[in-house]
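Okay, so here's the structure we're looking at.
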Amino acid sequence: MKIKLLPFVAGAMLITSVVQAQTADPVVSGIVKEATENSQLRKLAHELLDVIGPRLVGSPQIKQAHEWAVDKYAGWGISAKNEQWGTWRGWERGVSHIDMVYPRVKSLEGMQLAWSPGTKGKDITAETIILPLVTDSIAFQKWLPNAKGKIVMISMNQPTGRPEYNWTEFATKESFDKIKAEKAEETKAWAERIKNTGFNAKSLALALEKAGAAAIMASNWSNGFGVNKIFGANTTKIPTVDIALEDYGLLFRLTEGGSKPKVRIKAESKELGAVPTFNTIASIKGSEKPNEYVILSAHFDSWDGGTGATDNGTGTIVMMEAMRILKSVYPNPKRTILVGHWSSEEQGLNGSRAFVEDHPEVVNNLQALFNQDNGTGRIVNISGQGFAKSETYLTRWINRIPEKYRAEIKTSFPGSPGAGGSDFASFVAAGAPGFSLSSLGWSYGNYTWHTNRDTFDKIVFDDVQSNAIVAAIMAYAASEDPERSSTEKSILPNNTRTGQPGVWPTPVKPNRKGGQ
């Protein structure tokens, strides 16, 4: 019996030694211990999202957030600064209150869009009117005087407020097919309605404003229960408000039915002129190779329909927590570890593009950048971003992560270079090894991405904690690696649309005077 057990025992000992080799690293163990036993994630989330709130570029709140971040890093013994890279149109959101006052009284769910002109301390009360169906731009010009003094509704009325998954679960096939066809038909018809005016979305709003409209009313439904996307206004003198699907549909039906509903709008906002805009940069200086860099990356700004919790509050607190942990358990990294909290990502990666343009000494000596920006979920995908030898070093670093935290991570090598989407792409375009730590969805696209429901309660803190551990270990492993990461580019496959050879993205200049 003993002789028969020997191979099994030997195999078990080998497996044990492999496991011990993976988990014996005291820094890795220290990262996991600090992250799980002394997490600061909830505190960071509360202070950033609940107290400061949304972080629209150019707003007082993002300036407050930058100052808060520098103070937080200082409290952890980490050097940090706010680095100005440009200016932006300054704007401060005030109260939005919107009520239907005829044919009955009802408070409506809605808000002014970012950078919307306010109502100048007064309430606007006006009748609603629907953007007309016209044959061409000449007919629309003849209609335009009808907009004077009216609140013009420029969005289609959705045929259903139920998301597709709800129809899939409960509807008959016949009913589901019918509503899908109806929606597709109405969406196409509304696009034609706008096209026939001769204007696009921006110029249409300005044409209505010039014609004397009292306000613009829209509803940008995000295909989920009670959720709308909130972006920026195109008007310069009159308010633009977004109304929840349910209330917008009510007003649309009443208007279409001839009830001539009236709406009262109070929208407070302040124009602040051109204000400076910043990136927050914090660093733990390298002890052996201080002029080589590992960057933890997450954009700091948000749209302001909600509080920017999952876009990108979660990425922000992950990288802050990772830096705090590294300072605690790995205070003397071989390479300098930076964290970049970029602003104006939402308007075109402007903060990170400015950093790439302003800091060639960092970009040219970048070991790796790890960016997190697609919600609260666990990290499950890492692509090589088109770097030919990325599999060698990324796999080496990923294998330093305990199995519990890396079991779900799928990799693709060499992958394709990201041309946009988030801030890692600014570095990839410059030929520097930037990587996206992509997460599980958690209904991100419909329910929280750029919506009025992107708030603290949507954070899954267990997943965010896991991400902080992964980010910290990846930064540690990249810092310790005796080899420099290769930036050799792979040969890209042909473009499936054009048939032409794939082309590496090129750097894009940042907009340093936004909204002005």
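Computed with a 1.4 Å probe over protein heavy atoms only, the accessible area of VAL27 comes to about 30 Å². Would you mind working out the accessible area per residue for the stretch 104-260, using a 1.4 Å probe, and quoting it in Å²? With all protein chains present, the stretch 104-260 gives 51 Å² per residue. Ordering THR36, THR310, THR506, THR455 by accessible surface, largest first, gives THR506, THR36, THR455, THR310; the 1.4 Å probe counts only protein heavy atoms, with every chain in place. Summary value for the stretch 104-260: 39 percent relative contact order, contacts being C-alpha pairs under 8 angstrom separated by 6+ residues. Measure nothing but the geometry: give the 0 to 90° angle between the long axis through the Cα atoms of 2-23 and the longest principal axis through the Cα atoms of the chain, rounded to 10°. Computed tilt is about 60 degrees. The simple spin-label model puts a point 7 Å past each Cα toward its Cβ; for ASN166 and GLU488 those points are separated by 5.4 nm. Rounded to the nearest 500, the helix-only mean residue ellipticity at 222 nm of the chain stands at -11000 deg cm²/dmol, with each DSSP H run of n ≥ 4 adding -39,500 (n - 2.57). A straight Cα-to-Cα reach below 12 Å connects LYS195 with the aspartates and glutamates ASP136, residues fewer than 8 places away in its own chain not being considered. Distance distribution P(r), the stretch 61-109, all Cα-Cα pairs, bin width 5 angstrom from 0: 5, 14, 15, 13, 9, 9, 8, 8, 7, 6, 4, 2, 0 percent. Only protein heavy atoms count here; on that basis, with a 1.4 Å probe, LYS262 has an accessible area of about 90 Å². Computed on the chain, with alpha-carbon pairs under 8 angstrom and 6+ residues apart, the relative contact order is 21 percent. On a 0 to 90 degree scale, rounded to 10, what angle separates helix 173-196 from the longest Cα axis of the chain? Taking Cα atoms only, the helix is inclined about 70 degrees.
The orientation-averaged shadow of the Cα convex hull for the stretch 444-516, equal to a quarter of the hull surface, comes to 10.2 nm². Of all DSSP beta bridges confined to the chain, the antiparallel ones make up roughly 55%.
Both radii come from the Cα set of the stretch 104-260: Rg as radius of gyration, Rh as Kirkwood radius; their ratio Rg/Rh reads 0.98. Counting only alpha carbon atoms, the long axis of helix 26-37 and the longest principal axis of the chain meet at about 40°. By DSSP, the beta bridges lying fully in the stretch 104-260 are antiparallel in about 30 percent of cases.
Indicate the gyration tensor shape class of the stretch 289-444 (rounded, prolate or oblate), computed on the Cα atoms with a ≥ b ≥ c the square roots of the eigenvalues: a/c under 1.5 is rounded; otherwise a/b larger than b/c is prolate and the rest oblate. Since a/c stays below 1.5, the shape of the stretch 289-444 is classed as rounded.
Accessible area ranking (1.4 Å probe, heavy atoms, ligands and nucleic acids excluded), largest first, for ARG512, ARG104: ARG104, ARG512.
For LYS180, the accessible area of its heavy atoms, probed at 1.4 Å with every protein chain present, is near 90 square angstrom. How much of the DSSP bridge set in the stretch 200-349 is antiparallel, in percent, rounded to the nearest 5? That works out to approximately 35 percent antiparallel. In a DSSP loop and with at most 13 other Cβ atoms within 10 Å, the GluC sites (Glu not before Pro) in the stretch 387-436 are GLU408.
In this structure, the residue pairs whose Cα-Cα separation is over 24 Å, taken from LYS237/LYS509; LYS458/LYS509; LYS122/LYS513; LYS202/LYS260; LYS43/LYS81; LYS81/LYS327, are LYS237/LYS509; LYS458/LYS509; LYS122/LYS513; LYS202/LYS260.
The values are calculated or read from the model by the stated rules, or taken from the named source; none is laboratory data. The structure displayed is predicted, hence computed values, not measured ones. Because the Cβ atoms are built from the backbone with ideal geometry, glycine has one as well, and the counts that use them run over all protein chains shown. For accessibility, only protein heavy atoms count, side chains too; no ligands or nucleic acids. Shrake-Rupley method; radii C 1.70, N 1.55, O 1.52, S 1.80 Å.
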